[in-house]
Each structure stands twice: as C-alpha cells, then as structure tokens.
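These notes concern the structure reproduced below.
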Amino acid sequence: MEELEKIRSEINRVDEAILEALAARRTLSRRVIEAKDRSGAPIRDAAREEMLLSDLISKGRGRGLDAHLVTRVFQEIIDDSVRSQQLHLQGYAQSDLKRVVFQGIEGAYGDLAARKYFAPYLDRTFFEGVPGLRQVIGAVEDGDADYALVPVENTAAGSINEVYDLLSVSQLSIVGEEVLRIEHCLLGLPEAQLAGIRRIYSHPQALAECVKFVARLPDCQAIPWPDAAMAVRKVGEDRDPSVAAVGSEEAGRLYGLKVLQRNIEDQPHNFTRFLVLARKPAKVDRRIPCKTSLIMATSHEEGSLLKALSILYEHGINLLKLESRPIPGMPFQYLFYLDFEGNAAEERVAGALEKLHSATTSMKFLGSYPMQQRPRTAPRIETLAAGGPREEGEQTEPIPEKKEKSGLRLVGRDARPEDTVIAVGGARIGGDGFVVIGGPCAVESREQILQCARFVKECGGQLLRGGCFKPRTSPYSFQGLGFEALEMLAEAGREYDLPVVTEVLSPSDVEPVARLADILQIGARNMQNFSLLAEVGRSNRPVLLKRGMMSTLDEFLNAAEYIMAGGNHRVILCERGIRTFETATRNTLDLGSIPILRRMTHLPILVDPSHAAGRRDLVIPLALAARAVGPHGLIVEMHPDPDHAMSDGPQSLHFHEFADLMSRLYGG
Ligand code: PEP
Ligand code: MN
C-alpha cells in the first residue's frame, strides 16, 4: 500500500513536470510568433514540423515510446501553437478582456467550442451563455459582447437553417470557425445505475443522435428538453437516480453527474462546426490558410448560378460548401451561401469577388477567416517504417506508355487519361502514391483488431483491413463475427486514425456496412455477383474490387464498369492471384496484369500477395516483386498470433514480418 502511494506521488510529480514543460513551450512559441511577425517568415513550416516530429519519434522509440503516442501528443502541441499564432495575428494578444457569447448555459456544446477556439487566451476571455441564437447574435450587434459562437452545421443533422437565415440579416462578420467532435455521454447521479434509468432528458437533436442506444435500454423513455446542458443541470437538481441526461462529459462534471456510458451517439463521426462572429471583419494574415464566405442571389435566368460559380473556377478557387435557403416573401427564389478557399486580401479572391458583384443580383461578403480543418503534421511513412528518416532511393514507376483500347465507357483510359486518385481519410490511393493496407483476414476480437491497428499504424500502414463477413469455401469454417466485428473494426480505425476496409457479401448488407466502413470490399468469389455490384454502385463509399480467381482482365474491368455505371466512380482494383494448374501456391499471382491494367484503366490497382501465395514465406518476396511492376499499393494479412488465427493463419504475417516488409518497402 505504502509502495503504491509512493509511486502515485511520483506520477504526480511527473505530471506537474509535464505541465510546466507545456507552459514553458507555450511561452517560447509565443516568442516565435512575435519574431515571425516582425520578420514576415511563414507561419507554418510543414517541412520543419515534419522533421521535428520524425526526430521526436526516433527519440521516443529510443525510450520505448511508440510513434502513435508521440505523434498524438505532439499534434496537439503543434495545433495549440498554430491556434495561438492565428489569434495573435488577429490582434487578440494585445487587447483587453473579451466577452464571448454562446447559446445555452455553462457546459453547452457552444461553450465547449468557444473554450476550444479561445484556448490559448482563456485568461483574457469571459464566456457567457444566452437563451437563443437570435440573442447570441444580438449581444454582439448591440456591443454587449465581442464575439458570438453559433453552430452552423452538424455532420449527422446537416445545416442549421436558423443560423443561415440569421446570417443573411445580421451585420456581423465571420472571423473564425471551430469544429467540435460531439461525444454524447449518458450522465446520471453518482449513485445511479445504467440498468435503473427510466427517463432520459436532452435536446431533441441530441436524443435523435442516440436513438439506437436509448432503444436498447429497457422501459426507458426519452424526453426532449430545450437544451442538453440544461437537461444535465436538471438531472443534477432532481436528485432522482432513475433519470439521466445526454450531454457532454464536461457538462456532467459541472453539474455533479457521473458518466454512465460514453460515446452513445449512433454515428461515431459526429462533429459540429461553429462560426465565430464579430462586429468587424477580420484582417487575416495572408500566410494563414483561409476560407471566405458570402451570400448571393442570382437572377431568375438560365445558367445564372453556373455563371457565378464559374467565376470561382476561372480564378482557381476551390468551392467548399454551397447551401441554398428560400428568400422570405419571394416564393421559389433562393439565397446561395458559399464557402470557398482563399482570403479576400489575395488578389485572385478580390478579383473573383469583384466579378461576382456584377454577376449576381445581390451579394453580401461575410468574411475571410482561418480554416479550422488544417492539415495535421504527420510523420513520414519512411520514418515509421524504417525506424528513422532516411534518404529516399530513386524509384521509377512504370508510366503507361501506350493506351490500350478497351471499349469500356467509364473504366477505360479513353474515358479519363489521367490516373484516378481516391482519397480516403488521410490516404490517397492511385496516381504516384503507394499505400499499404494491413490487418487480419478476419476481425476476431476487439483486442485483436486494436492490436493489429496499432501495429499497422506504428509501421506506417495507411489503412486497416479486417473481414467481418467471411466468404468461406466450407460452410463449417468460421464465417466472421458480422456487425459486432464491424463495430470493433470501426473503433480500431478511429482510435488509430486509419480508414477501414471490409468485405460485404450481400446486397442488403451494403447500406449498413457502408455506415461504418470507409471502403467496401467485393471479394474474388463475388466479382461477378451483378446484383451486389449494382448495390455498391449506388453507395457513396469507395469499392475495393478483387479479381475473380478465374476471371480475365476484360471480365475484371467489366465488373468495375458495372459499379461505375451505377454512379459510384471510386473503384479500386485488386489483383489477388488466379487459379492455374499449379498447386504449390494457393493461387498464381498474375503480376503481368498490373502494367497491362495500368494502360487499360485509370483506376488505382492494388496487389494482394497474401491470398495469392496462401503461404507466409512467399508473402514478402511476392510483395517486393509486385512493387516493381507498378501497382498503387498492397493489401496484406497480418495477425498477432497467426498459428491460432480463425482464418487464413498460414498466409498471415507475424507482426515482426509485417514490420520487416514495411521497412523493405519504404526504408530505401
Ligand atoms: C479477403 O481479403 O479476406 C478475401 C477473402 O479475399 P479474396 O476475396 O481475394 O479471396
Ligand atoms: Mn483472408
């Protein structure tokens, strides 16, 4: 017992040292900003940040810390200094105490978003909740507050129309934005038990986002309340252990409730975007990546919207969001809300704005402000794969020299001469990149898939695979854990920031699987299952199509054409070995198909050495051979304990073998 106390007090000391180091780092980073401000040096130096992180990862590894932990911690630290820089350059640092208003009471999501946005200057900011969105905006318009935080869209519920309508009549400008991950918790009194909860209060939107969770609780009723944080406060005041509220963990802490269950939202990727409004538009330093927002109306004539939008195109401006709202009192006429990349202080944006003025019947500039979805510093794959930064060796990718006529309308090179690049999460599949998808044949347990995800990430793998529904040759073999496995796979992907790939077997599973999987796999046995191809053709998720084990390249590409003809143009092909008379390997890896396919189609092509070989000892040699013929990546099976794997153990790499493969692929 005494020993435990001693260790705990040592931990406390270490934690304090971490805090002190963080505070010291923040002070130094403020000095850097001031120096940069004077010298006009770039705000962010991606190359420096990347090198810094790679160096920290190597040093961390020397101390037994994994790359994932080091990356996460330092991404937060770098993000904090970028925030300070932005606020500093907007003149925030020099000014006195600021008042920020949000809708609701303390602990509301608006409050959390405001605190996140102003985090580097909390000591100079005063936060206040007011009842409605109109009052939030009114408080700043009337000069009672300096900044307003209003929610503008939620990834589950869509745009918040009231805010859009208020923006059209308000005199405020948008000076910033904040994106908050919404993690709903079920909160109850300290003595409450999950099984004993009979009534749950929250804002109708929050309840709607947790319908499935609430439905699973026996004899439990959901009761709408004006505001989530108010519901949390009410449960705290009622002192009834059979009632609970849906709200943030922070709100629970504020009003003395405990978390009965965390992350109860049905859709795991739930984010709300907030706008920061002020009386005067922000003058954002041109070195900071910006967004510009405006509202416009176009004449009621053919092509008038198209003409207005093509002005952006002509000025090389990327449109980020287009929203329309009815104009009050003018039936079937609309206001268009545009968000696009760029800063009004830039010439090309100023030029586009001027042209837009004459191409529209009305235009209101809402502001240029720092983009919140800024790229996070990530270590180079080489660093992860090889245990330290190295020089990149010279590599020659076989470039399609001559196009081959295919007669395929959508899949063929004729339809699209340039390579298709499919972006999934942070990974880009196709073009000049080379990605590795790693993971077990099948998801067997939460622990197993988390272990695999961690290791794949640690070695520089960009995506995670894991079968949930397994197409087995024998009906008596393990068939996969189904949707339960899918939840585990999605959790592992979220935890380690890896997009996930899983096979879908039946048309009726496509929609529910697509909710959680980032890429839908069509297995070799289903390559010509046309009703399944049609269904994934209707999905919004990219499809990884495996070549049938007895299919010609023409049949393979026609299967891809089916998916594209259904409207889904994000198809990734995968060569996984075909059946020949040879029995020494499970299949024969047809490597000649890769350069041919690259000429015939613009779609990305992967190689699966695992299913081709069927034997672990051949996976690395085949993977390296495959690399030489120019695919866009590999999909490889690995397992923490292949000898006890529930499927495809003999071909699954041990973790150390996977690490070896990664280091040979990327380590130069
Ligand atoms: C798999 O990837 O787990 C799989 C079953 O592959 P294939 O369809 O290529 O046999
Ligand atoms: Mn398999």
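Annotations for the structure displayed:
- Tabulated pairs, the stretch 643-661, first touching a residue at least 24 places away in the same chain (Cβ under 8 Å) and closer than 26 Å to ALA386 by Cα, second polar (S, T, N, Q) and away from ligand 2 (no atom under 12 Å from the Cβ), C-beta under 9 angstrom, 6+ apart or interchain: PHE655/GLN451
- Any hit, the stretch 76-98, residues being touching a Lys or Arg at 6+ places or on another chain (Cβ under 8 Å), modelled with pLDDT of 85 or more and over 27 Å from THR377 (Cβ atoms): yes
- Flag for SER304 being of a type in the set (S, T, N, Q) and at pLDDT 95 or above: no
- Matching helices (runs of 4 or more DSSP H) fully within the stretch 541-620 where at least 1 residues are open to solvent by 10 Å² or more (accessible area, probe 1.4 Å) and within 16 Å of ligand 2 (Cβ to nearest atom): 609-613
- Within the stretch 492-503, residues that are in the same structural domain as VAL636 (by TED's automatic domain parsing) and part of a loop (DSSP other than H, G, I, E, B) have Cβ atoms under 9 Å from residues that are within 16 Å of ligand 1 (Cβ to nearest atom) and open to solvent by 10 Å² or more (accessible area, probe 1.4 Å) in these pairs: LEU498/ASP518; PRO499/ASP518, counting only partners at least 6 apart in sequence or on another chain.
- Meets criteria (open to solvent by less than 10 Å² (accessible area, probe 1.4 Å) and among the aliphatic types (A, V, I, L, M)) for LEU505: no
- Note on the stretch 622-645: residues that are within 18 Å of LEU481 (Cβ to Cβ) and either open to solvent by less than 20 Å² (accessible area, probe 1.4 Å) or within 12 Å of ligand 1 (Cβ to nearest atom) (or both) total 3.
- Within the stretch 444-478, the residues that satisfy the criterion of being in contact with a Ser or Thr (Cβ under 9 Å, 6 or more places away or on another chain), within 15 Å of ligand 1 (Cβ to nearest atom), part of a loop (DSSP other than H, G, I, E, B) and not acidic (Asp, Glu) are GLY466, CYS468, PHE469, LYS470, ARG472, SER477, PHE478.
- Selected residue (criterion: nearest to the chain's Cα centre (by Cα)) from residues of the stretch 145-168 that are free of Cβ contacts under 8 Å to residues at least 40 places away in the same chain and open to solvent by 40 Å² or more (accessible area, probe 1.4 Å): ILE160
- Exclusive hit being assigned to a strand (DSSP E or B) and within 32 Å of the chain's Cα centre (by Cα), set GLY107, GLY129: GLY129
- Some residue of the stretch 169-179 being open to solvent by 50 Å² or more (accessible area, probe 1.4 Å), under 16 Å from ARG273 (Cα atoms), outside any loop (DSSP other than H, G, I, E, B) and in contact (Cβ under 8 Å) with a residue 40 or more places away in the chain: no
- Candidate set from the stretch 434-479 (those that are within 11 Å of ligand 2 (Cβ to nearest atom) and at pLDDT 95 or above); member that is surrounded by the fewest Cβ atoms within 10 Å (Cβ to Cβ): CYS441
The values are calculated or read from the model by the stated rules, or taken from the named source; none is laboratory data. Remember, predicted model here, so these are calculated numbers, not experimental data. Note: ideal-geometry Cβ built from the backbone for every residue, glycine included; neighbour counts use all protein chains shown. In case anyone asks, the SASA skips ligands and DNA or RNA and just uses the protein heavy atoms, side chains included. Shrake-Rupley method; radii C 1.70, N 1.55, O 1.52, S 1.80 Å.
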